């Protein structure tokens, strides 16, 4: 990988991946994560330790340095039980990027400017190399809303969208914010949930339906309405969901 991009191969590597190699044309998604650990070195060690059976292709350190832990054409173990549209268990069709951040349980913080700049460079490199569509650049909580919160509401999706590296709505913030906390009708809730399914989110399982629905809504909010994560559908969320549909093809 070119050092001109500020991305380097390093001495770090993980043995947690599937053999044999996969085909380049089978890579459709990029999944972004946070480590959820307070100590960066411990997170790297965990991803490289065979006992933990987790890994990622790339690791973005606090200072912006990028580690390549698993070669792209091997399936790393980052997504777990997951789904998006018609895809299940996204490990085999994705590249995973872990970003150093303590996460919600350990003092969740903003991602550093160095991290953001490196993520932009890395995504540009991968998008070009594997022809990844911008609507297939996702967060872990998008594909596993009942299990995961990462990379969370502090992740700069809007900045990435301005670089054409993911999708975001094109509604004006001051126009949609006045719709916040306004109740929706039951038929609008049905439309909202169907919009999420069209975007790609997993369908709500019937078992524990109420809590699963809340998790799904929160995942959507962490991605597209980051200033309020309450698990409740309001008119603002409804409008955003309708707007996002036009960017999903």
- Task: Filter the stretch 164-179 for residues that are part of a loop (DSSP other than H, G, I, E, B) and surrounded by fewer than 16 Cβ atoms within 10 Å (Cβ to Cβ) and give the result.
- Result: 164, 170, 172
- Does the stretch 49-57 include one or more residues that are out of contact with any strand residue (DSSP E or B) (no Cβ under 6 Å at 6 or more places or on another chain), touching a residue at least 12 places away in the same chain (Cβ under 8 Å), assigned by TED's automatic domain parsing to the domain that holds residue 125 and within 30 Å of residue 195 (Cα to Cα)? no
- Query: Which ones in the stretch 190-219 are outside any helix (DSSP H, G or I), at negative phi and surrounded by 14 or more Cβ atoms within 10 Å (Cβ to Cβ)?
  - Reply: 201, 202, 204
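The values are calculated or read from the model by the stated rules, or taken from the named source; none is laboratory data. Quick caveat, the model's predicted, so the values are computed rather than measured. Every residue, glycine as well, gets a Cβ built from its backbone with ideal geometry; the counts of neighbours run over all protein chains shown.
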